[in-house]
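The values are calculated or read from the model by the stated rules, or taken from the named source; none is laboratory data. Bear in mind that the values here come from a model prediction, so they are computed numbers and not experimental data. Quick reminder, even Gly has a Cβ in these numbers, built from the backbone with ideal geometry, and neighbours come from all protein chains shown. We work out accessible area using only protein heavy atoms, side chains counted, and drop any ligands, DNA or RNA first. Shrake-Rupley method; radii C 1.70, N 1.55, O 1.52, S 1.80 Å.
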Amino acid sequence: MLTWTIKVEPVMGTGVDEVMREYFTEMGRRVLGRPGTEAELRAVLVEDPHDVLSPPDGEFLVARGDEGEFLGCAGLRLRRGAPETVELKRMYVRPAGRGAGLGRGLLLAVEQSAKGLGAARIVCETNTQLIEARALYAKHGYEETGPYEGHGKADHWYVKVLS
C-alpha cells in the first residue's frame, strides 16, 4: 500500500521544475490533444508563474513517499482583491501516486493550509477533459460557479466555503 507525507516545501525547491514540466506536458496532452511546445511551456510560466505559491500569500504542498520520492503537489495563493479567498493551483499527482487517495489527501491539506492563511473560501479552475479533477472537487463539496479571473483557459470554475 502506498503511503505518503504531505508537507509545505519551497516552490522553487529540488525537483519542482521537473514535476511542473510533467504537469504542463500532461495538461497539454489532455487539454490540447497534443504535447505542448517548449515555447508554449515558457509562455504559460510567464503568464502564470508558480513562484507566487510562496509565503506570505501562498504555500506549496508536496507529497512524498516513504523513500522521499516526489508523488504529487498542490499550491495555493491568496487572491488579490479578495483577501479571504485562496486559489488552488498546480494540483498534480504523478502516475506512481495515482489510485491511492493522494488527490484527496492533497486537497484536504490545501484546505487546512488555506484556513491557516485566513481564507474563508477556496476557488479553482479546470478543464472539461480533466474528469478526475472535476469528480474530486464535486465529491469534496466544491460547487461549480461562474468564471473568475484566472489564467483564462479553463472550462469549469469551482468554489468551496471552508468551515
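Numerical summary
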{"read-out": "From F70, F60, residue being of a type in the set (F, W, Y), under 27 Å from R30 (Cα atoms) and crowded, with 23+ Cβ neighbours inside 10 Å", "value": "F60"}
{"read-out": "Residue satisfying all of: in segment 73-130; over 19 Å from E22 (Cα atoms) and among the β-branched types (V, I, T); surrounded by the fewest Cβ atoms within 10 Å (Cβ to Cβ) among these", "value": "T128"}
{"read-out": "Extreme residue, farthest from D48 (Cα to Cα), among residues of segment 69-96 that are of a type in the set (G, A, S) and modelled with pLDDT of 95 or more", "value": "G72"}
{"read-out": "Qualifying residue in segment 8-21 (condition: farther than 21 Å from Y137 by Cβ, in contact with a Lys or Arg (Cβ under 6 Å, 6 or more places away or on another chain) and free of Cβ contacts under 8 Å to residues at least 12 places away in the same chain)", "value": "no"}
{"read-out": "Test for E40: is it under 19 Å from A154 (Cα atoms), open to solvent by 40 Å² or more (accessible area, probe 1.4 Å), in contact with a helix residue (DSSP H, G or I) (Cβ under 8 Å, 6 or more places away or on another chain) and among the charged types (D, E, K, R)", "value": "yes"}
{"read-out": "Odd one out for M20 among (1) open to solvent by 40 Å² or more (accessible area, probe 1.4 Å); (2) modelled with pLDDT of 85 or more; (3) under 13 Å from the mean Cα position of the chain (by Cα); (4) not aromatic (F, W, Y)", "value": "(1)"}
{"read-out": "Failed item in (1) within 16 Å of M27 (Cα to Cα); (2) out of contact with any Lys or Arg (no Cβ under 9 Å at 6 or more places or on another chain); (3) in contact (Cβ under 8 Å) with a residue 24 or more places away in the chain, with L107 passing the rest", "value": "(1)"}
